[in-house]
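Enquirer: Mind having a look at this structure? Questions to follow.
Since every read-out is calculated from the coordinates, none of them should be taken as a lab result. Keep in mind that this is a model prediction, so the values were computed, not measured. Note that each Cβ is placed from the backbone with ideal geometry, even for glycine, and that neighbours are counted across all protein chains shown.
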Amino acid sequence: MEAPRRRGRGKYRFRGAYTKGAFVLVALLLAGLGAFRLAWNALGEPPMARAEAMSVTVLDRQGRLLRAFTTADDHWRLPLDVADTDPRYLQMLLAFEDRRFRRHSGVDLIAVGRAATQLARNRRIVSGASTLTMQVVRLLHGEHERTGLGKVRQMLRAWQLEQRLSKDEILRLYLGLAPFGGNIEGVRAASLAYFGKEPRRLSIGEAALLVALPQSPAMRRPDRYPQAARRARDRVLARALEARVITADEAARARAEPVPTARREFPKLAPHLSETEVAREPRGLIHRLTLDRDVQARFEKLAREHAQSLGDRLSAAILAVDHQSGEVIAHVGSAGYFDTHRLGAIDMTDAIRSPGSTLKPVIYGLAFELGLAHPATLIEDKPTRFGTYAPKNFDEDFRGTVTIREALAQSLNIPAVKVLAAVGPVRLVNRLRRLNLTAALPNKSEASLAIALGGIGMRLTDLATIYATLARGGEAVALTHIRRPPQPGQRRTPARRLLTPVAAWYVGDILKDAPPPASAKSGGIAYKTGTSYGFRDAWAVGYDGRYTIAVWVGRPDATATAGLTGRGAAAPILFDAFARLSERPAPLAAAPSGVLRLAGAGLPPPLRRFRDSAEEVAQGAYLEPAVQIAFPPDRAELESDEDETQPVMLKAEGGVLPLTWLADGKPIGSDPARRELSWQPDGRGFVHISVIDARGRTDRVQIRLR
């Protein structure tokens, strides 16, 4: 009877011990969970300051690096997306550093168990258990805790990081923060510094070296310890071969690759524009420009080479524009940003200087638009005085009677001043300012005839805008260097005009036949040169069917250079730039409707010979009242029926019969004995109406047909 009682008491004791153990275990678990919770709460948010303190970068139209700037702590730390990284590098990185990166939650428990077993068995650390996520934690904190407690904190933070970020986001942090020796951090900065290339496409040897360096960046820097870097790279290759990321042949070829022994300079393309854009948006980390990196590099080299051949202190600036969109594809502010002898830090594309003869095409274009002249119109190139102003040709010679085409092609000064006197210098300046161009007059003086020969201040960007507008048939285009994504549905605002399509085409048709500089091929480029007073500035601006290029040569301090001319110094750069831009020029725009392809004898009588004001006064032409358009008044808006436009009655007063009427430069048939006529418009829109009397005097109005 005693035995059963003893069994019962033993069972009771066993159950009591089990219950006590369970309570202890639960208490330990609760305490552990509480401690874990306290430790987890004590972590706070992951420190992202270093991840956000990236280098400011300036990119071209395709996202390629033009310029980078060090961070506030003087590090090169360039952002890099996983999608922009060589896939083979990523495969080798995971094979070498963290094979289960895509599967674990921040801590690789299998690796932890293996490392603990090896430590217990060998009494020393044989392998680590640090994951890429744990490495990112160290990089974010900027410290490496090697104590047991420090490892626990790293694990907790790794779990925390995995809760907040995706795997690719964590990998992106590693790509941007991993150390590579000195002040180089991040895979992109390392690839540029050691290989001079973006990390999109790396050789297998290059990728392996970038995997190896962050483990011991100070002792494996290839620019200081190339042998140590080689040994580390080869160990990565062996691990990649073992993991079947690469083949044996690829590993052998990669081991034969040389290890770089020096750091390369980071790109410094478009330094003037890059600094201007960064100063404009100081909070931006990534600045996207419309420039083309390859074109920019070629044009910077072109400016440097030509400036060195021209003289010791001469500089050059080049601006290239896609005039179909207005986007600047190359911006060269000087012959060398760091060339102090040439004052290379000054951006000469934005300097206000005298443009020489480069405005003559606009002057003649206005005369074409107003019906004062045609390319075949005859004009006198002979000594002429306008009050106290007596212009001379550049070579101080006179050609006598020439056509307007010859006068512009040969850049004769006297005919240009005569035409400007008829057009009106105020009209020219107002037309330029309509395009928001500089048009700076000296000492705030009034517009004068000296503008025809450079008596006005303009920038290279202004001249590029003018000639890009000519290339577009007179339709204005605003230059832009900021790359913006297209916005569907955005309404296009009506563009302002510098000239009518017919007038702009006449100008381009003349300029395309201008003789090219020595050793340059002719044809396909409409261009004009200019030389400012005192040989201080040399200009050349031209366009083909797609691109406009503007060139300036001179000294940034505005001192004279003997013999410096647009044709001798700037034109060769212009033609060389077009040759480096494309194999052949794009065809110029076709002639618009309304172009008169006539010789002098076939022109209407008032357009056969240009009559300047000095000649009219000498011949008593002002004894009769000047011709004026009585109807319609200037800037009138005339309504028409919805289905068709109605005839418009044109009426003039004064002047000497016969009268010649023109609509947008195209003659309108009229009775030479009458001062009025009924004109049938071709359509709706803005129209310039001009009338010319028998003495060549003119009046013009602009109307809108609605």
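Enquirer: List the relative contact order of the chain as a percent without decimals, with contacts defined as Cα pairs under 8 Å and 6+ residues apart. Walk me through the numbers on the way to the answer.
Expert: On the way: 1351 pairs, mean separation 71.9, N = 706.
Across the chain, relative contact order equals 10 percent.
Enquirer: Relative contact order of the stretch 243-331, please, whole-number percent, based on alpha carbon pairs below 8 angstrom and at least 6 residues apart. Could the numbers behind the result be given before it?
Expert: Numbers: 55 pairs, mean separation 21.6, N = 89.
That works out to 24 percent.
Enquirer: Name the aspartates and glutamates eligible as straight-distance cross-link partners of K382: C-alpha to C-alpha under 20 Å, and not fewer than 8 places from it in the same chain.
Expert: D395, E396, D397, E406, D612, E615, E616
Enquirer: OK, next. To the nearest 20 debye, what is the magnitude of the charge dipole of the chain about its Cα centre, counting +1 on the Cβ of each Lys and Arg and -1 on the Cβ of each Asp and Glu?
Expert: Details: 103 positive and 75 negative charges, 1140 e Å.
For the chain, the charge dipole is close to 5480 debye.
Enquirer: Residue separation times 0.36 nm, minus the C-alpha to C-alpha distance between T645 and F69: what's the value? Present the calculation step by step, with values, prior to reporting the outcome.
Expert: On the way: separation 576, 0.36 × 576 = 207.36 nm, distance 6.11 nm.
This chain segment gains 201.3 nm when fully extended.
Enquirer: Same structure again: For the chain, what does -39500 (n - 2.57) per DSSP helix run (n ≥ 4), summed and divided by total residues, give at 222 nm, in deg cm²/dmol to the nearest 500? Don't skip to the answer; put the middle values down first.
Expert: On the way: 22 runs with 262 residues, N = 706.
So the helix-based figure for the chain works out to -11500 deg cm²/dmol.
Enquirer: Another question, if that's okay. Below 10 angstrom from the Cβ of S274, what's the summed charge of the other residues (Lys, Arg +1; Asp, Glu -1)? Each step should come with its number before you reach the end.
Expert: Numbers: positive: R67, K268; negative: E275, E277.
Charge balance near S274 sits at 0.
Enquirer: Something else: Can you pull out the trypsin sites (Lys or Arg not before Pro) in the stretch 249-321 that DSSP calls coil and that have at most 12 other Cβ atoms within 10 Å?
Expert: Values: sites: R253, R255, R263, R264, K268, R280, R283, R288, R293, R298, K301, R304, R313; in loops: R263, R264, R283, R313.
The qualifying sites are R283.
Enquirer: Along the charge dipole of the chain, which of P282, G336, A422 sits closest to the positive end, that is, farthest toward it, with unit charges on the beta carbon of Lys, Arg, Asp and Glu (+1, +1, -1, -1)?
Expert: P282
Enquirer: Another question, if that's okay. What does the charge count near L314 come to, summing +1 for each Lys or Arg and -1 for each Asp or Glu among other residues with Cβ under 9 Å from its Cβ?
Expert: Details: positive: R313, R342, R555; negative: D312.
Cβ neighbours under 9 Å give a net charge of +2.
Enquirer: Exactly which GluC sites (Glu not before Pro) in the stretch 631-689 are in a DSSP loop and have at most 12 other Cβ atoms within 10 Å?
Expert: Working: sites: E637, E639, E642, E644, E653, E676; in loops: E639, E642, E644.
Here the sparse-neighbourhood loop sites are E639, E642, E644.
Enquirer: Further, regarding this structure: Given all pairs of different Cα atoms, what value in angstroms does the Kirkwood hydrodynamic radius of the stretch 620-705 take?
Expert: On the way: mean 1/r = 0.0757 Å⁻¹.
Taking every pair of different Cα atoms in the stretch 620-705, averaging 1/r and inverting gives 13.2 Å.
Enquirer: Based only on other Cβ atoms within 10 Å, what is the fewest-to-most ordering of R635, R472? Can you show the working numbers first?
Expert: On the way: R635 10, R472 21.
Going from sparsest to densest Cβ surroundings: R635, R472.
Enquirer: If you don't mind, another one. Is the C-alpha gyration tensor of the stretch 49-256 telling us rounded, prolate or oblate? Criteria: a/c under 1.5 is rounded; beyond that, a/b larger than b/c is prolate, otherwise oblate.
Expert: Numbers: a/c = 1.66, a/b = 1.22, b/c = 1.37.
It is oblate, given that a/c is not under 1.5 and a/b is not larger than b/c.
Enquirer: Among A663, P647, F686, flag the residue with its Cα farthest along the positive direction of the charge dipole of the stretch 620-705, charges on Cβ as +1 for Lys/Arg and -1 for Asp/Glu.
Expert: Among A663, P647, F686, the one farthest towards the positive end of the dipole of the stretch 620-705 is A663.
Enquirer: Still on this model: In degrees from 0 to 90, rounded to the nearest 10, what is the angle of the helix 460-471 Cα long axis to the longest principal axis of the chain?
Expert: With both axes taken from Cα atoms, the answer is about 70 degrees.
Enquirer: Against the longest alpha carbon principal axis of the chain, how many degrees, from 0 to 90 and to the nearest 10, is the axis of helix 360-369 turned?
Expert: For 360-369 against the chain, the angle is about 60 degrees.
Enquirer: Now for a separate question. For a quick check: sort F535, F96 by the number of other beta carbons within 10 angstrom, fewest at the front. Before the final figure, lay out the partial values.
Expert: Numbers: F535 16, F96 21.
Going from sparsest to densest Cβ surroundings: F535, F96.
Enquirer: Which residue, G545, G181, V136, has the largest displacement toward the positive end of the dipole of the chain when charges sit on each Cβ (Lys, Arg +1; Asp, Glu -1)?
Expert: V136
Enquirer: Could I ask something else about it? With +1 on each Lys and Arg Cβ and -1 on each Asp and Glu Cβ, and nothing else charged, work out how big the dipole of the stretch 271-342 is about its Cα centre, in Debye to the nearest 20.
Expert: Working: 9 positive and 11 negative charges, 27 e Å.
Its charge dipole is roughly 120 debye.
Enquirer: Can you pull the three principal axis extents for the Cα set of the chain, in Å, largest first?
Expert: Answer, in whole Å and largest first: 154, 63, 49 Å.
Enquirer: Give, rounded to the nearest 20 debye, the magnitude of the charge dipole that the stretch 620-705 has about its Cα centre when Lys and Arg contribute +1 at Cβ and Asp and Glu contribute -1 at Cβ. If you can, show how the numbers build up before the last one.
Expert: Values: 10 positive and 15 negative charges, 101 e Å.
With Lys and Arg at +1 and Asp and Glu at -1, about 480 debye.
Enquirer: Shifting gears a bit: Tell me the trypsin sites (Lys or Arg not before Pro) within the stretch 329-401 that lie in a loop according to DSSP and have at most 11 other beta-carbon atoms within 10 Å.
Expert: Numbers: sites: R342, R353, R385, K392, R399; in loops: R385, K392, R399.
In loop regions of the stretch 329-401 (DSSP not H, G, I, E or B), the sparsely surrounded trypsin sites (Lys or Arg not before Pro) are R385.
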